[in-house]
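Notes to accompany the following structure.
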Amino acid sequence: MQENLSQYLEVSKKIAHKAGAMVLKAQQKDINIKYKSRHNLVTKFDKKSEQLISRELLEAFPTHSILGEENMGNTTNDQKYKWIIDPIDGTTNFAHGHLYYCISIGLEINGEIMVGVVFAPAFGELFYAAKGLGAFLNDKKISVSKIKTLDESLLATGFNPGIPEILEENINHFVHFQKITDGIRRCGAAALDLCYTAAGRVDGFWEKGLKPWDMAAGKIIVEEAGGLITSLNGTPFNLYDIEVLASNGLIHKEMTGYFQSATP
Ligand code: IPD
Ligand code: CA
Ligand code: CA
């Protein structure tokens, strides 16, 4: 059966917008910061956002499954359709009044991400894509950059605070790439980092220590923008693994070559 991807896209765009508006309005208020573990924050609005998104998705598609970070509406209905939600990606930023955070909603159909929507409410930027339909930012088509070498590249990465070994390892990667590129940005929201790669604002992004909701929507947005997405050493990307390397494709080999030699 031909899937109606445009319908899934339209519904999830509206919901991301609504959740984003709520979260943005809340930023100045009492957001009730709690620590899941040391340096790992959650706020009242991570939960409220996920409740809103899950509820509205299930209203529109009652038979679908939901996998959300905060477990606020997770269901295991029809596993063929799985919505993967990060209600606020970049919670640490959100909690500190830093504007780089987003709402991320991806739809997996039969194990493949087919639709992705990422909304950064503080910037009014809605990134979205569906398989075969292209990638867009606020309705304007986007594509990855044309930079051919690391030497002329701007990269992005992230650090998951919860995994000390990975942090140490990534500091080494950071130092390496900082020396051989125009620079590295470490802004604190993986889903948005993937969209920035898709829009050509950075040429590549890598991170280890991620979860499916950090990557689901961004994956299809990068691919539909003409980018490449794999594991760090270049093997096929697996959403349920913990790492990602996304790039414009042109610098990919240079990056995987480094990771192959740098990781045991
Ligand atoms: C985090 C952000 C951050 C990344 C962490 C993620 P959260 O997600 O994406 O950029 O470095 O690994 O856990 O906790 O803000 O949803
Ligand atoms: Ca996240
Ligand atoms: Ca989150």
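Points to keep in mind about this one:
- Glu50 sits among other residues whose Cβ lies under 12 Å from its own Cβ, and their net charge, with Lys and Arg +1 and Asp and Glu -1, is -2.
- The chain - charge dipole about Cα centre, Lys and Arg +1 at Cβ, Asp and Glu -1, debye rounded to 20: 600 debye
- Two-site label geometry, Thr235 and Thr149: point separation in nm, points 7 Å out along Cα→Cβ: 3.2 nm
- A straight Cα-to-Cα reach below 16 Å connects Lys14 with the aspartates and glutamates Glu50, Glu56, Glu59, Asp86, Glu125, Asp139, residues fewer than 8 places away in its own chain not being considered.
- Antiparallel bridge percentage (DSSP; both residues within the chain; nearest 5): 80 percent
- Expected 222 nm ellipticity per residue - DSSP helices of 4 or more, -39500 (n - 2.57), all of the chain, to 500: -11500 deg cm²/dmol
- Positive-end extreme of charge dipole, segment 2-141 - chosen from Val115, Leu137, Gln27 (charges on Cβ): Gln27
- Each residue, Asn71 and Glu165, gets one label point 7 Å from its Cα in the Cβ direction; the gap between the two is 2.4 nm.
- Under 13 Å, Cβ to Cβ, from Ile147 - net charge with Lys/Arg +1 and Asp/Glu -1: -2
- Sorting the segments 101-112, 215-226 by their residues' average number of neighbouring beta-carbon atoms within 10 angstrom, most packed first, yields 215-226, 101-112.
- Restricting attention to segment 150-262, close to 60% of DSSP beta bridges with both partner residues there are antiparallel.
- In terms of its Cα atoms, the chain spans 49, 45, 33 Å along the principal axes, sorted from long to short.
- Contour minus Cα-Cα distance for Lys253 and Gln7 (0.36 nm per residue): 84.9 nm
- Taking the 1.4 Å solvent-accessible surface of the chain as the whole, the part contributed by carbon and sulfur is 52%.
- Computed FRET value (nearest 0.05) for Asp78 with Met22, which takes r as the C-beta separation and R₀ as 22 Å: 0.20
- Where labels lie 7 Å past Cα in the beta-carbon direction, separation of Leu99 and Thr263 in nm: 3.4 nm
- Highest average first, the peptides 81-87, 150-156, 167-173 ordered by how many other beta carbon atoms sit within 10 Å of their residues are 81-87, 150-156, 167-173.
- Antiparallel DSSP beta bridges within segment 105-215, as percent of all bridges there, nearest 5: 75 percent
- Qualifying aspartates and glutamates (Cα of each under 14 Å from Cα of Lys80; at least 8 residues distant if same chain): Glu3, Glu108, Glu112
- For segment 150-262, the solvent-accessible area with a 1.4 angstrom probe is 38 square angstrom per residue.
- Net charge of the neighbourhood of His64, taken over other residues with C-beta under 9 Å away and scored Lys/Arg +1, Asp/Glu -1, is +1.
The values are calculated or read from the model by the stated rules, or taken from the named source; none is laboratory data. As the structure is a prediction and not an experimental result, all values here were calculated from the model. Ideal geometry is used to build each Cβ from the backbone, glycine not excepted, and the neighbour counts take in all protein chains shown. Ligands, DNA and RNA are excluded from the accessible area calculation, which covers all protein heavy atoms including side chains. Shrake-Rupley method; radii C 1.70, N 1.55, O 1.52, S 1.80 Å.
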